[in-house]
Amino acid sequence: MLTVRDLRVRYGRSVAALHGIDLDVPANGVLAVLGSNGAGKSTLLRALSGTLRMHRGTVAGGEVRYDGKVIHRLDPAAIVRLGVVGVPEGRQVFARMTVEENLRAGGIGARSAEQRTAAKHRVHELFPVLAERAKQRAGLLSGGEQQMLAIGRALMSGPKLLLLDEPSLGLAPQVVERIGRIIREIHAQGTAVVLVEQNAVMALRVADHAVVLEVGRVALAGTTAELAGSEDVQRLYLGGHAESQATAEAEAESADQQRASVRGLSRWAG
Ligand code: ATP
């Protein structure tokens, strides 16, 4: 569905951000893009969505094809019309507009009123909270709800490929898990997804294929099962997280035990 070949991107004259990226997103696949800060993940999404120019970036070589068509020189609106829609990092909702108005804004590119109604129905089914809060200003929603609104707004134009930039950023673990389940559901309904994430645990759970970027290059690529089993990914992206999660769980368990023994003691004393 989407193929990226030898993609090279620069910012201005001096910064080379991507140095020849190759990757494929199969139709109805979920591709996770992992990597540490500055690896080039957002730059890659900007190249796919045609928004590089807004950041003074340019494609210096290579190509991006979607459904066989070269898209890396198209403007963002033309790329959206083809069915490739991005959700930028940082939950960029229109804070002063209501939830409903935000969704309506996302539906402007829809082909017909019927398509818009069907898309809204789908969004409300995926995110019931957006129907409940339809009349509320988007700026008053919680962080997780704003992320849901940002994804919902992108779904209003009926995308075939959704580009998500760090949807888990700054959200509590339970909300991240919920967003992960919703991304699986969006995929199950027939939309392909490119998921840029620093949260490798979540990304590897949600995606079927993954690439790891390192300073503008693909360092590792494969199925998520292959990557989750790779020593480098374990050490760099899962080890620390798994360890800290295990420590947190152990601490919570020991706090529970302490509370239980205090309760036991006070019952005994009483
Ligand atoms: P993060 O996880 O921190 O968002 P990232 O993997 O998304 O990082 P990018 O934001 O794509 O990385 O940055 C890749 C490289 O390009 C970095 O060296 C960064 O400093 C540089 N860069 C990004 N945006 C610009 C810009 N607008 N102008 C100049 N350099 C930029």
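A few remarks follow.
- Here's the picture: a label point sits 7 Å out from the Cα of Glu214 along the beta-carbon direction, and within region 15-34 the residues with their amide nitrogen under 14 Å of it are 34.
- Alpha carbon centroid spacing (whole Å) that separates region 95-130 from region 139-204: 16 Å
- Over region 1-150, all Cα pairs binned in 10 Å intervals from 0 give whole-percent P(r) values of 10, 33, 32, 21, 3, listed from short to long.
- Taking the charge dipole of the chain about its Cα centre, with +1 at Lys and Arg Cβ atoms and -1 at Asp and Glu Cβ atoms, the residue from Leu204, Asn28, Leu155 reaching farthest to the positive side is Leu155.
- Spin-label pair Asp22/Ala95, simplified geometry with 7 Å Cα→Cβ offset, distance in nm: 4.5 nm
- Residue exposure sequence - Thr51, Thr58 - by fewest surrounding Cβ within 10 Å: Thr58, Thr51
- Region 1-110: trypsin sites (Lys or Arg not before Pro) in DSSP loop, at most 14 other beta carbons within 10 Å: Arg13, Arg56, Arg73, Arg96
- Net charge, Thr98 excluded, C-beta distance under 14 Å - Lys, Arg +1, Asp, Glu -1: +3
- Dipole moment magnitude, nearest 20 debye, region 143-224 about Cα centre, only Lys, Arg, Asp, Glu C-beta charged: 180 debye
- Each Lys or Arg adds one and each Asp or Glu subtracts one; over the other residues with Cβ under 14 Å from the Cβ of Gly107, this totals +4.
- Here the relative contact order of the chain, from alpha carbon pairs under 8 Å that lie six or more residues apart, stands at 24 percent.
- Beta bridges assigned by DSSP with both partners in region 93-232 are antiparallel in approximately 60 percent of cases.
- Sum of side-chain charges, Leu227 neighbourhood, beta-carbon under 13 Å (Lys, Arg +1; Asp, Glu -1): -3
- Sites Ala134 and Ala172, calculated FRET efficiency, Cβ-Cβ separation with R0 22 Å, nearest 0.05: 0.35
- Gyration tensor (Cα) of the chain, equivalent ellipsoid semi-axes in angstrom: 35, 27, 16
- The chain: most fluctuating residue of Leu34, Leu227, Leu164 per GNM, C-alpha cutoff 10 Å: Leu227
- Charge dipole (Cα centre; +1 on Lys/Arg Cβ, -1 on Asp/Glu Cβ; no other charges) of the chain amounts to roughly 1180 debye.
- Figure legend: label point modelled 7 angstrom from the Cα of Asp75 along Cα→Cβ; residues of region 35-56 with amide N under 18 Å from it are 47-56.
- Counting neighbouring beta carbons within 10 Å and listing from fewest to most, the residues Met202, Met54, Met1 come out as Met54, Met1, Met202.
- Summarising the strand pairing of the chain, around 60 percent of its internal DSSP beta bridges are antiparallel.
Read-outs throughout are calculated quantities, based only on the coordinates presented, and are distinct from any laboratory measurement. Computed from a predicted structure; not experimentally measured. When we count neighbours, we look across all protein chains shown, and the Cβ atoms used for this are built from the backbone with ideal geometry, even at glycine.
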